[in-house]
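To start, the structure itself, in structure tokens.
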Amino acid sequence: MDTRRDFLKKSAVLTAYGLLHGWASAIPANDRLGKVLPMRRIVRGGEKTTTFCLGGWHMGMADARQAEQMVERAIELGVRFFDTARGYQKGGSEEYLGRFLTPKYREDVFLMTKSFSRTGEKASKDLELSLAALKTETLDLWQMHTIYTKEDVDQRLNDGVLDVFLEAKAKGKTRYIGFTGHASPAVNLYMLEELKKRGLEMDTCQMPLNVCDPSFESFQNGVLPVLLEREYGVIAMKTMAGGSIMGRRIDTTPKEIATEDIPDVVGETGITLAELHQYVYTLPVSSLVSGCLTKEHLEQNVSALQHLKKLSEADMARLIKIAKPYAGLYVENYKRLLS
């Protein structure tokens, strides 16, 4: 009962912005390539992109033939938002998109990459390397990637990283800028507050959102309302906790966590993969970014959006309650720095 009451209280905040279900009812469109997946607003000015974004980490682990097939299948399915980062496979993911995406489809897609760099000099170098690898003169979105601690935020802001991002936008090397944070809602809020002190706003924020999140150090409860109030585009990630919700260990899982330590939430509770995505799509997010190892995974993820079911507040509260015993550091191991 408490879970439902808490959810209703939080959802009232989201509904106040008129977004809870309105975002889930976007109508698919068409472009020169064919049918496009439903689109939502990604930035304050109203520009839209597809509500599903193909993540670049997993693609970078594939061979060239698989990567090309993944890009082509994504385009066929109506995906128009593509993600990567300079640090993925030492630039390998960006190079795949530069070979298989941008030469044919640059004008048709919304292209995002990210920089892990903690100094302005390194961030500036990252930007030039990213543009070269992606074979484009301008990014659609460049994000300051993976802020971990308040000290990390201070370093990036004080050592010129923010200045490089602002300059890149001013010079047209990227149209929009944002940041991502995996580890702590408090750190994301600190970043927002430090920007506000400087009289600045970025355009987007990417963060974990899934059925476990509301029950442990929650980005949904703590950060999402602030982002909406300040009109940020919200990019959801970790919808399946990087695979951990299915009990999987992946390359980014901390070495001290063994496979047998990660419970299979899906297998043990009966929550479906579609419900995992539907939960996040029912939130007021701009897009859901998800990595896919195979074309079949891609098709499953896209299907959840193509056949989107609008979850009621009762549905959402039920899923939170079911997932609550699994919330925390083994499933949500990307929040490990809080331990």
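None of the figures in this text is laboratory data; all of them are computed from the coordinates on show. Here the structure is a predicted model, which is why all the values come from computation and not from measurement. Here the Cβ positions follow ideal geometry from the backbone for every residue, glycine too, while neighbour counts run over all protein chains shown.
Structural remarks
- Approximating the spin labels as points 7 Å out from Cα along Cα→Cβ, the D154-to-D31 distance works out to 4.3 nm.
- Stretch in the chain that is longest and holds no trypsin sites (Lys or Arg not before Pro) that DSSP places in a loop and that have at most 13 other beta carbons within 10 Å: 33-170
- Span-like helix ranges in the chain, DSSP H, alpha carbon extent 27 angstrom or more, Kyte mean at least 0.5: none
- Secondary structure note: in the chain, about 20% of the DSSP beta bridges are antiparallel.
- Cross-link partners of K173 among aspartates and glutamates, defined as those whose alpha carbon lies under 17 angstrom from its own and excluding same-chain residues fewer than eight positions apart: D83, E94, E107, E121, D126, E128, E137, D140, D163, D203.
- GNM flexibility winner over the chain from A327, A258, A304 (Cα, springs under 10 Å): A258
- Given the choices (i) 18.9; (ii) 21.0; (iii) 15.8, mean projected area of the Cα convex hull in nm² derived from the coordinates of this structure is entry (iii).
- The chain: most fluctuating residue of T84, T149, T180 per GNM, C-alpha cutoff 10 Å: T149
- Dividing the mean sequence gap of close Cα pairs (under 8 Å, 6+ apart) by how many residues the chain holds gives a relative contact order of 21 percent.
- Multiplying the residue separation of A274 and L129 by 0.36 nm and removing their Cα-Cα distance gives an extension gain of 48.5 nm.
- Cβ-based charge dipole, the chain, positive-most Cα from V161, H277, T50: T50
- Magnitude of the charge dipole for the stretch 193-339, about its Cα centre and with charges confined to Cβ atoms of Lys, Arg (+1) and Asp, Glu (-1), is about 80 debye.
- The overall shape of the stretch 97-167 is prolate: from the C-alpha gyration tensor, with semi-axes ordered a ≥ b ≥ c, the ratio a/c is 1.5 or greater and a/b exceeds b/c.
- Cα-Cα over 20 Å, subset of K150/K196; K171/K197; K150/K171; K309/K335; K35/K104; K48/K196: K171/K197; K150/K171; K309/K335; K48/K196
- Rounded to the nearest 20, the size of the Cβ-charge dipole of the stretch 2-338 about its Cα centre is 540 debye, with Lys and Arg at +1 and Asp and Glu at -1.
- When the Gaussian network model of the chain links Cα atoms closer than 10 Å, the mean-square fluctuations of E68, E193, E256 top out at E256.
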